[in-house]
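The values are calculated or read from the model by the stated rules, or taken from the named source; none is laboratory data. Quick caveat, the model's predicted, so the values are computed rather than measured. Quick reminder, even Gly has a Cβ in these numbers, built from the backbone with ideal geometry, and neighbours come from all protein chains shown.
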Amino acid sequence: MTKQDKHATCPYRGLPETSYWRNSVAETRMAKVQPVQGGSFTIGGEDLISTAGSCFAQHIAQHLLRSGFGYFVPEEPHWMVNPHIAQEMGYGVFSARYANIYTTRQLLQTFQRAYGEFEPKERVWKDGDRYIDPFRPFIQPDGFATQAAFDSDQEHHFASIRRIVEESSVFVFTLGLTEAWVSKDEGIVFPVCPGCGAGTFDEDRYEFKNFRMEEVRDDLLAALKFMRARNPDIKVLLTVSPVPLIATAEPRHVLTSTIYSKSVLRVAAEEVSQALEMCDYFPSYEIITGQHAGNAYYEDDFRSVKPEGVAHVMRCFSENYFDKAGKRKAGRRAAGKADGRVSAKVNDLLCEEEKLVE
């Protein structure tokens with residue numbers, strides 16, 4: 001075999017431009033880098049799209065509000081509530097008032113609680129004469145006035161989650177953290193450490209947990225299979241938040257913990273997207289953190305994502321998943337679709353994680 005014949009059989013020759021770093025990254029303008037190579041499904045004007053996850057997932061929700069597509073929000077405020085107050089109370093931030101769901105174990109337990117399959121003993125915290133939801137501790141400013149008000153709101157919230165599970169056409173989930181605090185007796189996952197802004201920390205009752213990749217993957221698979229058992233046709237889009245940890249409970253540098261967590265989440269998302277049909281991984285993490293961007297898409301704190309970075313992510317999202325023809329049909333508002341009264345400002349993000357350093 002000649003040298004020329006050997007080169008002709010090299011499997012790296014003749015690949016698409018996107019397979020080569022120089023062509024698709026190094027010699028491409030930052031804002032033009034497009035790491036998405038089409039999706040396994042498209043989103044049309046009649047589809048109902050629900051969201052959940054970490055703080056960065058709120059950008060997708062806001063983009064859906066502005067896009068004319070069907071952002072599905074079954075848990076809506078009363079029409080007389082001021083939009084800014086409604087946002088402070090968690091309406092429209094995600095599809096339901098579950099606030100940030102940082103870990104896949106928390107996502108799974110949220111579904112199980114909504115369907116009565118998991119009823120934790122620690123379902124309410126008392127703060128003086130107020131009632132606090134341990135799983136959404138900041139969703140109701142100053143808590144609920146009575147146990148009855150707490151119970152009523154929780155049942156309405158659970159009913160909204162059940163609608164999300166059963167009626168959504170597309171579910172977008174952003175993985176945010178591997179670190180969490182859990183109850184020792186039941187393994188309940190809290191969105192923030194008890195004692196950090198709400199509740200009381202007790203080392204005899206709560207412990208730190210840093211989920212391994214296998215745990216993240218298995219919990220995510222279980223949560224998505226839970227949805228598909230009740231909604232077989234639902235499509236799923238997984239993303240990983242590019243926002244670094246604000247603090248770590250591990251005895252090491254926060255940068256090391258951040259890289260560990262994001263690596264675990266990225267691998268888990270990849271394995272789940274490969275295991276399930278009509279389940280895609282969308283590379284918002286890579287768009288923001290890749291070498292093509294340097295730190296250009298981060299604010300000076302190296303955590304907050306600039307509007308330019310969000311715009312790049314949303315442009316790639318729209319180009320690969322939105323059915324442009326379908327958008328023209330999206331003007332008709334279906335029951336449960338967001339009506340735009342909730343704020344859609346780029347940097348109006350509500351993040352419970354910030355309570356760790358307040």
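Below is a table of values for the structure above.
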| quantity | calculated |
| --- | --- |
| Residues of region 247-272 classified as part of a helix (DSSP H, G or I), among the small types (Gly, Ala, Ser) and surrounded by fewer than 18 Cβ atoms within 10 Å (Cβ to Cβ), total | 1 |
| Verdict on Ile234 being more than 15 Å from the chain's Cα centre (by Cα), of a type in the set (A, V, I, L, M, F, W, C) and within 24 Å of Glu286 (Cα to Cα) | no |
| Residues of region 124-139 satisfying the condition of being free of Cβ contacts under 8 Å to residues at least 24 places away in the same chain, surrounded by 15 or more Cβ atoms within 10 Å (Cβ to Cβ) and within 17 Å of Cys193 (Cα to Cα) | Asp133 |
| Residue check for Glu286: at negative phi and either at pLDDT below 95 or touching a strand residue (DSSP E or B) at 6+ places or on another chain (Cβ under 7 Å) (or both) | no |
| All positions within region 142-167 that are part of a loop (DSSP other than H, G, I, E, B) and surrounded by fewer than 19 Cβ atoms within 10 Å (Cβ to Cβ) | Asp142, Ala145, Thr146 |
| Filtered residues of region 81-95 (kept if free of Cβ contacts under 8 Å to residues at least 40 places away in the same chain and among the β-branched types (Val, Ile, Thr)) | Val81, Ile85 |
| Candidates Gly14, Gly90, Gly45, filtered to the one that is within 19 Å of the chain's Cα centre (by Cα) and either under 30 Å from Pro134 (Cα atoms) or in a loop (DSSP other than H, G, I, E, B) (or both) | Gly90 |
| Candidates Ala275, Ala296, Ala311, filtered to the one that is modelled with pLDDT under 95 and either among the hydrophobic types (A, V, I, L, M, F, W, C) or within 23 Å of Arg217 (Cβ to Cβ) (or both) | Ala311 |
| Scan of region 217-246 for residues that are part of a loop (DSSP other than H, G, I, E, B) and in contact with an Asp or Glu (Cβ under 8 Å, 6 or more places away or on another chain), ordered by number | Asn231, Leu245, Ile246 |
